[in-house]
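Read through the structure below, which is laid out as structure tokens, and then see the notes.
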Amino acid sequence: SFFRKALQINPRRIPARKNLATVLWFGGHKKESVEIFGALEKEIPSDQVPPLYLGLHAFEQKDFPKASSFFQRAGSLASGNPEVIPVLIETDLAVGRFDSAKRLVEGRLAALSQAPRSPEEVSQDYRWLAEAQDGLKSPDAAYRAYEQAIEHGPDLEDNYLALGVFAIDHANNAFARSALSRGLQHHPNSPKLAMQMGLTWAVEGNFDKAREFFDSAIREDPHWVLPVLAAGIAYLQAGDPKAAAAVFGRARELAPDDYRSYYLRATAMGRSNPGPAERTEMIADLRQAVALNPRQARVRTALGQALISSDAPSAEAQLREALRIDPAEPSALYQLALLSRRQGKTAED
């Protein structure tokens with residue numbers, strides 16, 4: 001209230017505006033705070049305070065490129081603040097500034113003797129370090145960092161998950177299963193570890209084994225849609241589209257706002273020689289998927305293809321919109337060529 005009174009006397013007073021914006025930020029009025037900092041950032045471009053808070057706001061919005069740009073302009077006000085450094089590390093990793101992330105993590109680890117932290121925090125540092133090393137094309141150093149994370153937090157589920165994902169990314173599924181098995185010894189009821197274990201089998205084409213772990217993840221967390229989707233894809237890959245469609249139907253009930261369940265259910269139904277009634281269901285699912293995520297070119301392509309099969313006049317519009325989103329979408333190009341030929345547009349064909 002005092003800062004507002006000061007601004008009533010002199011609305012252009014920079015220190016009062018900075019302080020008001022800061023108090024608003026910590027008071028939970030971030031929208032107004034960001035508006036003030038946004039204006040100040042243009043008026044005092046060399047001041048480090050506005051870009052710091054604008055960077056924090058961009059980070060909260062998961063706009064990592066914008067956050068990174070602001071944090072670099074905030075300089076030492078960001079990099080010298082222990083409370084902000086974890087945000088800087090995550091931002092650097094998200095935008096590929098792996099050298100910067102590595103330096104920041106190593107600085108935190110070097111300070112452990114002066115400022116001890118919890119096993120969870122130290123393990124997180126080593127996981128960040130591993131991610132940075134992997135980004136710098138040093139997988140051996142990344143592996144050592146993951147093992148150090150486990151050494152500092154042998155009971156922490158996230159350490160085994162991270163090592164398992166790292167191994168999967170490097171196509172070492174046997175080692176991934178070994179790491180995840182170690183985690184399951186500590187957390188036998190973990191849906192996340194079971195989910196990752198299922199993925200290690202799925203990428204090798206063992207869909208029966210994969211479904212065992214996906215089903216385990218579903219039992220442990222019946223409200224988590226991801227293992228349900230994974231189980232449906234495993235049925236689809238194994239050549240059982242009817243079972244896949246039924247599973248995707250369950251996913252649709254679990255997460256009615258997730259476009260993937262509608263799209264995948266329609267895809268599964270399309271592989272089961274659908275009749276007119278099933279095609280109507282497919283089109284309804286695909287329309288809902290488009291409504292939930294209108295920027296997915298492949299979903300619009302699938303809708304266009306389904307509409308072609310039903311002789312619907314709106315098929316062309318969906319295919320052209322898919323190509324506007326992704327001009328190189330091959331299925332949309334192929335389906336549009338077939339439609340053009342059917343319509344006698346041989347030059348366009």
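The values are calculated or read from the model by the stated rules, or taken from the named source; none is laboratory data. Remember, it's a predicted structure, so these values are computed and weren't measured experimentally. Methodologically, a virtual Cβ is constructed for each residue, glycine included, from the backbone with ideal geometry; neighbour enumeration extends over all protein chains shown. The area values use the complete protein model at the heavy-atom level, side chains included, leaving out ligands, DNA and RNA. Shrake-Rupley method; radii C 1.70, N 1.55, O 1.52, S 1.80 Å.
Count of segment 273-294 residues, restricted to those that are part of a helix (DSSP H, G or I) and either touching an Asp or Glu at 6+ places or on another chain (Cβ under 8 Å) or at positive phi (or both), is 1. Can you confirm whether S46 is farther than 30 Å from E32 by Cα, not in a helix (DSSP H, G or I) and not charged (D, E, K, R)? Considered against the rule, which asks whether it is farther than 30 Å from E32 by Cα, not in a helix (DSSP H, G or I) and not charged (D, E, K, R), S46 comes out as no.
The set of residues in segment 215-237 that are surrounded by fewer than 17 Cβ atoms within 10 Å (Cβ to Cβ) and closer than 15 Å to T267 by Cβ contains only Q237. When residues in segment 157-171 are screened for being under 27 Å from H223 (Cβ atoms) and open to solvent by less than 40 Å² (accessible area, probe 1.4 Å), 7 of them pass.
In the condition set (1) closer than 23 Å to D155 by Cβ; (2) buried (at least 20 other Cβ atoms within 10 Å of the Cβ), D92 is compliant with all but (1).
With respect to the conditions (1) modelled with pLDDT of 85 or more; (2) open to solvent by 50 Å² or more (accessible area, probe 1.4 Å); (3) farther than 16 Å from A289 by Cβ, S331 falls short on a single one, namely (3).
Going by the structure shown, is F37 aromatic (F, W, Y) and open to solvent by 30 Å² or more (accessible area, probe 1.4 Å)? When the stated conditions are applied, F37 does not pass them. Screening segment 172-206 for residues that are hydroxyl-bearing (S, T, Y) and part of a helix (DSSP H, G or I) and picking the one that is least open to solvent (accessible area, probe 1.4 Å) gives T200.
Selection of segment 106-119 for residues being surrounded by fewer than 20 Cβ atoms within 10 Å (Cβ to Cβ) and in a helix (DSSP H, G or I) yields E106, G107, L109, A110, P119.
Filtered by the rule that a residue be farther than 16 Å from V225 by Cβ, open to solvent by less than 30 Å² (accessible area, probe 1.4 Å) and touching an Asp or Glu at 6+ places or on another chain (Cβ under 8 Å), segment 243-272 gives A266, M269. None of L56, L20 is under 26 Å from the mean Cα position of the chain (by Cα) and either crowded, with 19+ Cβ neighbours inside 10 Å or outside any helix (DSSP H, G or I) (or both) except L56. Residues of segment 120-156 that are touching a His at 6+ places or on another chain (Cβ under 8 Å), open to solvent by less than 20 Å² (accessible area, probe 1.4 Å) and not β-branched (V, I, T): S123 alone.
Here P82, P65 are screened, and the one residue that is of a type outside the set (S, T, N, Q), open to solvent by 70 Å² or more (accessible area, probe 1.4 Å), assigned to a loop (DSSP other than H, G, I, E, B) and at pLDDT 90 or above is P82.
Restricting segment 295-317 to residues that are among the hydroxyl-bearing types (S, T, Y) and assigned to a loop (DSSP other than H, G, I, E, B), the residue that is farthest from R265 (Cα to Cα) is S314.
Scan segment 273-315 for residues that are among the small types (G, A, S), within 24 Å of R342 (Cβ to Cβ) and surrounded by 23 or more Cβ atoms within 10 Å (Cβ to Cβ) and jot them down. Correct list: A302, G304, A306. Of all residues in segment 318-335, those satisfying the criterion of being of a type outside the set (D, E) and either more than 8 Å from G304 (Cβ to Cβ) or not in a helix (DSSP H, G or I) (or both) are R320, L323, R324, I325, P327, A328, P330, S331, L333, Y334.
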